[in-house]
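Since the structure comes first, as structure tokens, the remarks are kept for the end.
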């Protein structure tokens with residue numbers, strides 16, 4: 001049967017149907033021909049129905065009202081950015097008519113844009129402004145505007161991060177705001193941010209910020225069936241977390257790497273149902289010849305001088321390259337170590353065993369999402385407590401501690417996981 005599910009389509013809350021019969025895709029996706037173009041069997045569709053019902057029963061998917069609330073918040077922040085660009089430009093002597101046409105836009109990306117976010121998930125938003133607005137303005141006057149806004153609370157800046165960000169809670173939603181200043185006099189409402197030459201004359205921080213959005217848009221174009229991709233990706237993310245292999249900063253999968261891996265399986269099985277995609281995910285990656293990279297496409301080489309993953313002197317040290325599909329290409333799991341790749345491989349092999357049993361009615365989808373008992377699996381482990389004297393410092397301090405964990409040499413000698421915990425008290 002077809003399932004109707006609230007999701008995000010082109011940045012808007014929509015109700016979509018996950019059909020019980022897949023329309024065959026005749027277009028070739030990816031760098032190679034598909035492995036199998038067969039349509040799903042009735043048994044495959046039944047397993048996909050069961051997968052959907054299992055995910056829905058966990059009450060993690062937002063309903064239409066909750067999605068509409070996110071859309072409202074997005075519109076408010078978009079209007080706030082446009083007004084900020086206008087007012088700041090006038091304060092610097094620009095004529096009102098000219099300032100009115102400058103624009104300034106918010107572009108959503110991350111799990112929300114892909115339509116796979118959970119209840120209470122944060123929203124990743126990219127703030128794009130014209131050339132007369134500087135990054136220092138974003139972290140000064142715009143930050144002040146947020147702090148004085150009645151619906152914004154807990155504003156925090158992380159300017160020293162690889163991708164600088166403002167973190168805030170707006171009307172109850174956690175928001176991560178990134179910044180990009182384009183080499184344009186104005187930002188039109190119909191600006192195509194995916195156009196490669198928009199990166200020309202941008203600083204590296206802006207390129208990294210813009211690419212978060214561009215990667216999401218490219219992913220949605222590179223899969224044969226978006227709804228199948230979304231359902232399978234939800235399942236893989238839900239599997240990765242309890243199995244201890246979901247933390248990009250600690251050397252495991254992150255949201256982008258999971259999305260790329262699932263998208264590649266969708267390309268190889270373009271007409272398969274979501275349940276089959278999940279099963280093939282574990283089959284393919286538990287047998288993958290790492291460090292052979294996972295690639296979705298061959299993006300344009302714009303020759304703008306930005307560093308790419310394979311031009312890095314350390315590229316040969318990458319153990320598990322999962323490559324982003326837009327210029328400049330990057331390895332989305334560059335923190336993977338010998339220790340963590342061993343743990344990932346074990347989890348993938350176990351996932352394959354479970355899904356094989358699911359497909360022949362010897363296990364249920366709940367078995368896949370249960371994960372092992374941490375204290376039964378590991379005899380030795382470390383607890384890292386990151387504490388601060390007040391809540392306003394906690395997020396930044398935790399981020400710093402997390403970023404340093406992967407540099408500790410003891411990880412070469414321990415195959416066991418690190419259990420990371422944070423505490424607000426001293």
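The values are calculated or read from the model by the stated rules, or taken from the named source; none is laboratory data. If you're wondering where the values come from, they're calculated on a predicted model, not measured in any experiment. Because the Cβ atoms are built from the backbone with ideal geometry, glycine has one as well, and the counts that use them run over all protein chains shown.
Please verify whether the stretch 340-354 includes one or more residues that are assigned to a helix (DSSP H, G or I), over 25 Å from the mean Cα position of the chain (by Cα), at pLDDT 80 or above and under 22 Å from residue 253 (Cβ atoms).
Yes, the stretch 340-354 has at least one match.
Would you mind telling me which numbered condition in (1) exposed (fewer than 14 other Cβ atoms within 10 Å of the Cβ); (2) touching a helix residue (DSSP H, G or I) at 6+ places or on another chain (Cβ under 7 Å); (3) at pLDDT 80 or above residue 424 fails?
Evaluating residue 424 over (1) exposed (fewer than 14 other Cβ atoms within 10 Å of the Cβ); (2) touching a helix residue (DSSP H, G or I) at 6+ places or on another chain (Cβ under 7 Å); (3) at pLDDT 80 or above leaves (3) as the failure.
How many residues, within the stretch 356-392, are assigned to a helix (DSSP H, G or I) and either within 26 Å of the chain's Cα centre (by Cα) or more than 22 Å from residue 286 (Cα to Cα) (or both)?
Here is the first cut: in the stretch 356-392, the residues assigned to a helix (DSSP H, G or I) are 356-359, 365-370, 374-377, 391-392.
Adding the requirement that they be either within 26 Å of the chain's Cα centre (by Cα) or more than 22 Å from residue 286 (Cα to Cα) (or both) leaves 365-370, 374-376, 391-392.
Selection size over the stretch 356-392: 11.
Across the stretch 387-399, which residue is surrounded by the fewest Cβ atoms within 10 Å (Cβ to Cβ) among those that are more than 20 Å from residue 340 (Cβ to Cβ) and either in the same structural domain as residue 156 (by TED's automatic domain parsing) or at pLDDT 75 or above (or both)?
390
Given the conditions (1) farther than 25 Å from residue 258 by Cβ; (2) surrounded by fewer than 16 Cβ atoms within 10 Å (Cβ to Cβ); (3) out of contact with any strand residue (DSSP E or B) (no Cβ under 7 Å at 6 or more places or on another chain), which single one is not true for residue 161?
(1)
Exactly one condition in (1) under 23 Å from residue 67 (Cβ atoms); (2) in the same structural domain as residue 352 (by TED's automatic domain parsing); (3) outside any helix (DSSP H, G or I) is false for residue 174; which is it?
(2)
Out of the residues in the stretch 214-244 that are part of a loop (DSSP other than H, G, I, E, B) and at pLDDT 95 or above, which is nearest to the chain's Cα centre (by Cα)?
Ranking the candidates gives 223 first.
Under 24 Å from the mean Cα position of the chain (by Cα), surrounded by fewer than 19 Cβ atoms within 10 Å (Cβ to Cβ) and modelled with pLDDT under 95: does that describe residue 331?
No, not satisfied.
For residue 137, state whether it is over 30 Å from residue 258 (Cα atoms), crowded, with 16+ Cβ neighbours inside 10 Å and in contact with a helix residue (DSSP H, G or I) (Cβ under 8 Å, 6 or more places away or on another chain).
Considered against the rule, which asks whether it is over 30 Å from residue 258 (Cα atoms), crowded, with 16+ Cβ neighbours inside 10 Å and in contact with a helix residue (DSSP H, G or I) (Cβ under 8 Å, 6 or more places away or on another chain), residue 137 comes out as yes.
All but one of (1) under 21 Å from residue 60 (Cα atoms); (2) in contact (Cβ under 8 Å) with a residue 40 or more places away in the chain; (3) surrounded by 21 or more Cβ atoms within 10 Å (Cβ to Cβ) hold for residue 266, so report the exception by its number.
Here residue 266 clears every test but (1).
What helices (runs of 4 or more DSSP H) lie completely within the stretch 48-165 and have 2 or more residues being outside the structural domain of residue 276 (by TED's automatic domain parsing) and free of Cβ contacts under 8 Å to residues at least 40 places away in the same chain?
In the stretch 48-165, 64-91, 96-100, 143-148 are the helices (runs of 4 or more DSSP H) which contain 2 or more residues that are outside the structural domain of residue 276 (by TED's automatic domain parsing) and free of Cβ contacts under 8 Å to residues at least 40 places away in the same chain.
If you check every pair at least six apart or on different chains, which have Cβ atoms under 6 Å apart with a residue in the stretch 180-203 that is closer than 21 Å to residue 75 by Cα first and a residue that is at pLDDT 90 or above and part of a loop (DSSP other than H, G, I, E, B) second?
Between residues of the stretch 180-203 that are closer than 21 Å to residue 75 by Cα and residues that are at pLDDT 90 or above and part of a loop (DSSP other than H, G, I, E, B), the close pairs are 186/101; 186/102; 186/130; 187/104; 187/130.
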